[in-house]
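A.B. asks: Right, I'll just put the structure down here and ask away after.
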Amino acid sequence: MEGIKNWLKDSANILFDDSRNDLRALPKTVRLQILLVLSFIWSTVFSLYIFSYTTFAFGWAGTFIAHIGLIFAVYYTFKQFHKAEKSSVSVFKSKNYDPSKIMVIIFVILFMFVFSKGVEVLTKTNSYSIPYDGPAKSAFEKWLPFTKGD
């Protein structure tokens, strides 16, 4: 169990630890921009592969917002853990309820809402008025013209 924990921590540090990341020579804003562009690219590729034309916009938006939310949530979480290691004073003892902590709670609720909408789009049946009974030919029948007729 300890080995898995260390592996997960090392894997996450590759992205979010400034001293271990291959992008450490770049400014933090550029690193964040690169992560956001990558999330845009992967969200688009995933959405093009998974969603139909009618559900593409909602599916892509849900996937992209979920990626952005995940990046910010993980980054913020790691920064808070690094801060907590330096000064281990409980928030409840110090009564330090700053706006950023409240915004994180609101963001988590919003993230869960957007993610649940994405799951809803994935699990929703089609909205066409004409029922779809499947393709006219099976995959085997489509392949027959390309095979040798022995």
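A.B. asks: Rounded to the nearest 0.05, what FRET efficiency do residue 30 and residue 78 give with R0 = 22 Å and r taken as the Cβ-Cβ distance? Could you check?
C.D. replies: Values: r = 18 Å, r/R0 = 0.83.
Plugging the Cβ-Cβ distance into 1/(1 + (r/R0)^6) gives 0.75.
A.B. asks: Round to the nearest 0.05 the FRET efficiency obtained for residue 113 and residue 138 when R0 = 41 Å and r is the Cβ-Cβ distance.
C.D. replies: Working: r = 41 Å, r/R0 = 1.00.
With a Förster radius of 41 Å, E is 0.50.
Since every read-out is calculated from the coordinates, none of them should be taken as a lab result. Just so you know, these numbers come straight off a predicted model, no measurement behind them. Methodologically, a virtual Cβ is constructed for each residue, glycine included, from the backbone with ideal geometry; neighbour enumeration extends over all protein chains shown.
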